[in-house]
Amino acid sequence: MESENMIRYKATVAYDGTNFSGFQIQPNGRTVQGDLEKALAQINKGHFTRIHPAGRTDAGVHAAQMVLHFDYTNTIPQEGLFKALNILTPDDLSVLSLERVENDFHARYYAKSKVYSYRVDNQPVRNPFTRNFSLHHPYPLNQEKAKMALSILVGTHDFTSFCSTKTDKVDKVRTIYAATLAVDEATKEWVFTFHGDGFLYNMIRIIVGTVLEIADGRREVEEMREILEAKDRNAAGPTIGPQGLRLEKVNY
């Protein structure tokens, strides 16, 4: 909590998740949290600071705007702290903004919704320049079928079928406000975008994996509703790779 010697900061960071073992600190493996906390300790003469993110991303998953908060000594000017963080963090992690907030602000609990994207390289030959940020799926895809399947998921549903069995969440009900598909004309990638109040463990990767099976003809559009109603992970498609997934924004 804030005191005369501590102030609460809200930071927005971006990272290429390729070489991270996820966001959350862990004993063996490089993490976003670990790199940020290491930088904060270096700036504050070895004193440890815990950061609190809006959520967690898995190994290989990226973020354009991940929000977090932490309490820090007020003896270091805000602008100096901002510059120092960007000097001490590696090239695949940047602090986009840093601002002082009220001492009751919480990056996770104050978040109202999140926006994620998932990119699919649908060209016959994989693009080496997008391979770390896009899933290569070189099979003919029907865009209209994909859009129809996505529309079934919009609204408030029990997403048990699209959640890893490793989750610790008991309540699987979530609301998806929008689920869209567009084509990036520059790279020819399919770009799935999801806006929701929250997402379960591996939820988007399972949804897109299922939609791709519908789009390439392995399943029918009508099966999406059946999968949703089954509330059974075994009914849905595969958990596809993490490289295409990116947290785009956290809304407050």
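The values are calculated or read from the model by the stated rules, or taken from the named source; none is laboratory data. In this text the structure is predicted, and so the values were computed from the model without any measurement. Every residue, glycine among them, receives a Cβ derived from its backbone with ideal geometry; neighbour counts consider all protein chains shown. Keep in mind that these areas ignore ligands, DNA and RNA; they rest on the heavy atoms of the full protein, side chains included. Shrake-Rupley method; radii C 1.70, N 1.55, O 1.52, S 1.80 Å.
Details
- Expected-Rg normalisation [2.2 N^0.38 Å, Cα atoms] applied to the stretch 192-252: 1.18
- In order along the stretch 154-168, the Karplus-derived 3J(HN,Hα) couplings, from 6.51 cos²θ - 1.76 cosθ + 1.60 at θ = phi - 60°, round to 5, x, 9, 9, 8, 9, 3, 5, 10, 10, 4, 5, 7, 5, 9 Hz, and Gly and Pro are given as x.
- Applying 0.36 nm per residue to the separation of ASN251 and ALA230 and subtracting their alpha-carbon distance, the gain on full extension is 4.5 nm.
- At full extension, ALA182 and ASN74 could sit 34.4 nm farther apart than now, given 0.36 nm per residue minus the alpha carbon distance.
- In plain terms, the chain from VAL170 to HIS106 could stretch by 20.8 nm, reckoned as 0.36 nm per residue minus the Cα-Cα distance.
- Taking every alpha-carbon pair under 8 Å whose residues sit at least 6 apart, the chain reaches a relative contact order of 24 percent.
- Residue of PHE129, PHE20, PHE105 that the Gaussian network model of the chain assigns the largest fluctuation, springs spanning Cα pairs under 10 Å: PHE129
- Dipole magnitude (debye, nearest 20) for the chain, charges at Cβ of Lys, Arg, Asp, Glu: 300 debye
- Interchain or long-range residues, amide H under 5 Å from VAL173's placed H: PHE159
- Cα long-axis angle, helix 32-43 against the chain (0 to 90 degrees, to the nearest 10): 10 degrees
- Share of pairwise Cα separations in the chain, more than 30 Å, in percent: 32 percent
- A 1.4 Å probe, protein heavy atoms only, puts the accessible area of THR167 near 30 Å².
- GNM result for the chain, Cα springs below 10 Å: residue of THR193, THR75, THR12 fluctuating most strongly: THR75
- Dimensions in Å of the stretch 108-243 - Rg and Dmax from alpha carbons: 14.5, 43
- For the stretch 38-142, with +1 on Lys and Arg beta carbons and -1 on Asp and Glu, the positive-most of ASN132, HIS47, VAL115 along the dipole: ASN132
- Note on surface exposure: ARG233, ARG246, ARG218 rank ARG218, ARG246, ARG233 by accessible area, highest first, 1.4 Å probe.
- Rolling a 1.4 Å probe over the protein heavy atoms of the chain, with every protein chain left in place, gives an accessible area that is 49 percent carbon and sulfur.
- Using just its DSSP H runs of length 4 or more, each adding -39500 (n - 2.57), the chain gives a mean residue ellipticity at 222 nm of -6500 deg cm²/dmol after division by all residues.
- The stretch 27-163 has equivalent-ellipsoid semi-axes of 36, 21, 13 Å, by the square roots of 5 times the alpha carbon gyration tensor eigenvalues, sorted largest first.
- Column: log10 I(q)/I(0), Debye, Cα scatterers of the stretch 153-217, q = 0.19 Å⁻¹: -0.77
- Working note: Debye formula, equal point scatterers on the alpha-carbon atoms of the stretch 122-167, no solvent; log10 I(q)/I(0) at q = 0.26 Å⁻¹ is -0.92.
- Here the stretch 1-144 is treated with +1 on each Lys and Arg Cβ and -1 on each Asp and Glu Cβ, and its dipole about the Cα centre works out to around 220 debye.
- Taking only Cα atoms of the stretch 1-72, radius of gyration then Dmax in Å: 12.6, 40
- Sparsely packed loop sites in the stretch 125-199 (the GluC sites (Glu not before Pro) outside DSSP H, G, I, E and B with at most 14 other Cβ atoms within 10 Å) comprise GLU185.
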